[in-house]
1. With the Cα gyration tensor of region 1-118 giving a ≥ b ≥ c as the square roots of its eigenvalues, does the rule (a/c under 1.5 for rounded; else a/b larger than b/c for prolate; else oblate) give rounded, prolate or oblate?
2. Determine which lysines satisfy two conditions relative to LYS154: a Cα distance under 19 Å, and not lying fewer than 8 residues away in the same chain.
3. Tally Lys/Arg at +1 and Asp/Glu at -1 over every other residue whose Cβ is under 9 Å from the Cβ of SER99; what's the total?
4. Quick one: net charge around HIS228, please, counting Lys, Arg +1 and Asp, Glu -1 for every other residue with C-beta under 10 Å from its C-beta.
5. Over region 214-360, average the accessible area per residue using a 1.4 Å probe and give it in Å², no decimals.
6. Once neighbouring chains are kept in place and the probe is 1.4 Å, which whole percent of the accessible area of region 242-303 is contributed by carbon and sulfur?
7. Net charge within 12 Å of ALA10 by Cβ-Cβ distance, Lys/Arg positive one each and Asp/Glu negative one each, not counting ALA10 itself?
8. Output the relative contact order of region 1-112, whole-number percent, from Cα pairs under 8 angstrom with separation of 6+ residues.
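The values are calculated or read from the model by the stated rules, or taken from the named source; none is laboratory data. Predicted model, so just to flag it, every value in this text is computed and none were measured. A quick note on method: Cβ atoms are made from the backbone with ideal geometry, for glycine too, and the neighbour counts reach across all protein chains shown. Side chains are part of the model used for accessible areas, which takes the heavy atoms of the whole protein and leaves out ligands, DNA and RNA. Shrake-Rupley method; radii C 1.70, N 1.55, O 1.52, S 1.80 Å.
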Amino acid sequence: MAVYLVTGAAGFIGANYVHFLLEREPEAQVVAVDYIGFAGNLANLDPVIDRITFEKADIADLEVMEALYRRHRPDYVVNFAAESHNDRAILGPSAFMRSNALGAQVMAECSRLVPVRSHVHVSTIEVYGELPAGQKWFTERSPLNAKTPYSAAKAAGDQMVRAYMATYPEMNIRMTHCANNFGPYQLPEKLIPLGVTNVLRGRKIPVYGDGLQSRDWLHVLDHCDAVHQVLHADLGPIPKEAATDPGLLPIFDISARHEVTNIDIARFVVHELGLDPAEWIEHIEDRPNHDRRYVINPEKLERELGWRPSRQFDTEMAATVRWYAANTGWWEQILADKGELGFDWSRVALEGQARPVSTQ
Ligand code: NAD
Ligand code: TYD
């Protein structure tokens, strides 16, 4: 049976991928790796914990990770591990550089030293930066133009992964850039779960600035399905023209082409909970250096691998809101452990740094 090594497996997308993988391939042997950082939550793996091997390890530690590879001999590797929250990166960029840049390189190096059948490095739409006015979307050929501490650290990791693709083409290392994900098990410091859990506790949803910033939204299981297809795709050798054309590298952008403004996301959540958006949303100070818009084109993934999203936005958003409403024990434990997770950016100027405090 194939051995899968999945990093960041106690986070939002990694945990969903482990669930998805065991549905798709019930016999798969899964080695789930996570260092349980701020966003890591072993409870996300509760439904499958008896069917996996969990390893608490830091992907940026070469010695530890190489030993782990030698012990488990993975066939397939998916690297989801990253520090992922833009807001938190503003407070302290160093952990982001370690996980997102050094961690990406260490994982690639392990797959070089202990060869695997294929390795997917999971990256983000955000490495392309903010979509310029008048531009329809980003593609795999767009220049990397990250400008936030989170996305710049991810872009640094991307560059190393591209270097591994070009230097060690026999490695079968691939990369994906996905749009914003929504679904169950997302830490309630991100917009959608923060919004639902606030309203369920009688608090308003804090919308940064005018709320007209927009994101390209995709259900997490459609993302998992795309990553799985990229992992197993028979892609053939990298052509030499890829040296000057990143569109020819094994890089795939993922989106369901569904752009929504932040204010409309907040309205959706309140509406789904049967309340009046006018009473349950408040505009608060914007975060510094806030990218206005992201949209990405999945045409290459559709054309070359035949991937299509199978979930409809409205139906799945409603199901997501209901999931948080039904799983209060899951997020109440997180809030009990970590405290309030909203950010108050009005305190940046006052205190020199924002504090993750409730806006209420
Ligand atoms: P998350 O923060 O919920 O989970 C990340 C997990 O990685 C956490 O459990 C954390 O403990 C772990 N981790 C971080 N650094 C680690 C390290 N050095 N060693 C071991 N484990 C470590 O994030 P997520 O939303 O699940 O994102 C997963 C991946 O998908 C990230 O690479 C992110 O950049 C990418 N991505 C996320 C989105 C999104 O909308 N959430 C969109 C596109 C791409
Ligand atoms: P988030 O889910 O944190 O992802 P990202 O910043 O990486 O896109 O936020 C999505 C959008 O929602 C982003 O434009 C910031 C905004 N936002 C708010 O307006 N209020 C909030 O409390 C949070 C956490 C985010």
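1. Working: a/c = 2.13, a/b = 1.23, b/c = 1.73.
Cα axes put region 1-118 in the oblate bin.
2. Result set, ordered by chain and number: LYS190.
3. On the way: positive: ARG98; negative: ASP58, GLU83.
Around SER99, the surrounding residues sum to -1.
4. Details: positive: ARG24; negative: GLU25, ASP225.
Charge balance in the 10 Å sphere: -1.
5. Values: 6870 Å² over 147 residues.
Spelled out: the 1.4 Å probe surface of region 214-360, per residue, equals 47 Å².
6. On the way: 1350 of 2780 Å².
Exposed carbon and sulfur together represent 49 percent of the surface.
7. Values: positive: LYS56; negative: ASP34, ASP46, GLU55.
With Lys, Arg at +1 and Asp, Glu at -1, the neighbours total -2.
8. Numbers: 180 pairs, mean separation 35.0, N = 112.
Here the relative contact order equals 31 percent.
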